[in-house]
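Everything below concerns the one structure shown next.
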Number of protein chains: 2
Amino acid sequence: MTGDRNQAAPNSDSVLEGVLRLSRALLQAVNGSDLPGVMGVWSADGLLMPPHHPTVRGRMAITDYFEQLFRLGRFVFEFTASEVEVASDLAIERVEYRASFFPTGGGDPSRDVGKGLHVFQRHPKGEWRLVMDIWNSDYPLAASSRPDGA
Amino acid sequence: MTGDRNQAAPNSDSVLEGVLRLSRALLQAVNGSDLPGVMGVWSADGLLMPPHHPTVRGRMAITDYFEQLFRLGRFVFEFTASEVEVASDLAIERVEYRASFFPTGGGDPSRDVGKGLHVFQRHPKGEWRLVMDIWNSDYPLAASSRPDGA
């Protein structure tokens, strides 16, 4: 589990590629404030686990969450590291991220640096979907609550 | 992935039990400020991902982290929900927790409620070990930085 290379069982390169494609689609959709794009990656029974917020359960609640977020501002998310483990119908991607958030209507952007886990599951028809997403900030508590995140 | 029952492939009950036993051992060791107990659950190349702190990488750094934490005070951690997915040599436990932290030398305890993921991996000799642990608070940012966490 050390290092940032992608690990997978032999002959599962296409599975690994599929999972990474889904992760990139999520990133692109979040950065594009593209709600259908985000929800196309999520499983219907997904669990979104944001910091300082209760778990958001299932398609309707996750849709509401992102809809509100995209109304509040625009994200520029970047994964600075990604490591994937695939085991049968489950895949875990560990990411490290750098993010900026530009509030709607202007104002200072807030920034964050942190880490997270994406859990993907292969559904009966063979398609992979995001079932869990959890992350947290590397910034100390006092600093991360400041608007500039510095 | 909905509900709080434990899910596993058929005939993997003993794997599931092994993973849950490991998770209970971790909880008991943390609550007992038992450093060898905690480190007996962790893989040598584990990644501890605490909120508002950079990722803690590998046995030496994780040992230092818990040693310092146990010097600062005593934990009472409780998992209020646990759901395990096992796939081949990987297992993911989603937990919801309630925690109190009693500072060494007295002072008001701090409290937290949140959620997290434990990732376990089966090692070549067959034994399961914790390879990743990430969690975050349900409390809003302002509240969770207050000493009583209320």
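Only the coordinates and a few stated rules stand behind these numbers; no lab work does. Remember, predicted model here, so these are calculated numbers, not experimental data. Note that each Cβ is placed from the backbone with ideal geometry, even for glycine, and that neighbours are counted across all protein chains shown.
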Contour minus Cα-Cα span, A:Glu127 to A:Ser88, at 0.36 nm per residue, comes to 12.7 nm
Angle between the Cα long axis of helix B:13-31 and the longest principal axis of chain B, 0 to 90 degrees, nearest 10?
20
Inter-copy distances for A:Pro36, label 7 Å out on the Cα-Cβ vector, sorted ascending, nm, one decimal, are 6.1
Against the longest principal axis of chain B, how steep is helix B:58-72, in degrees 0 to 90 to the nearest 10, with axes from Cα atoms?
40
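Where does chain B land at 222 nm, in deg cm²/dmol rounded to the nearest 500, when only DSSP H runs of n ≥ 4 count, each adding -39500 (n - 2.57), divided by all residues?
Numbers: 4 runs with 45 residues, N = 150.
Taken over chain B, the calculation gives -9000 deg cm²/dmol.
Within the stretch A:44-150, report the GluC sites (Glu not before Pro) that DSSP leaves as loop and that have at most 11 other Cβ atoms within 10 Å. Walk me through the numbers on the way to the answer.
Numbers: sites: A:Glu67, A:Glu78, A:Glu83, A:Glu85, A:Glu93, A:Glu96, A:Glu127; in loops: A:Glu127.
Here the sparse-neighbourhood loop sites are A:Glu127.
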Give me the net charge for the shell around A:Leu90: Cβ to Cβ below 12 angstrom, other residues only, Lys and Arg +1, Asp and Glu -1.
-3
Highest GNM mean-square fluctuation, chain A, Cα pairs closer than 10 Å: which of A:Ser110, A:Ser43, A:Ser14?
A:Ser14
Copy-to-copy label separations for B:Ser88, where each label sits 7 Å from Cα toward Cβ, in nm and ascending:
1.0
Test of understanding: in a Gaussian network model of chain B with alpha carbons linked when under 10 Å, which of B:Gln68, B:Gln121, B:Gln28 would top the mean-square fluctuation ranking?
B:Gln68
Provide, as a two-decimal number, the C-alpha radius of gyration of chain B over 2.2 N^0.38 Å, N being how many residues it has.
1.06
What is the magnitude of the charge dipole of the stretch A:13-139 about its Cα centre, with +1 placed on the Cβ of each Lys and Arg, -1 on the Cβ of each Asp and Glu, and no other charges, expressed in debye to the nearest 20?
260
Looking only at A:Val38, A:Val119, A:Val76, which one moves most when chain A is put into a Gaussian network model with springs between Cα atoms under 10 Å?
A:Val76
Using a label position 7 Å from Cα in the Cα→Cβ direction, what is the ascending list of nm distances from A:Arg59 to the same site in the other copies?
4.7
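If R₀ is 41 angstrom, what is the calculated FRET efficiency for the pair A:Arg71 and A:Ser14, using the beta carbon separation as r and rounding to 0.05?
Working: r = 37 Å, r/R0 = 0.91.
Computed FRET efficiency for A:Arg71 and A:Ser14 comes out at 0.65.
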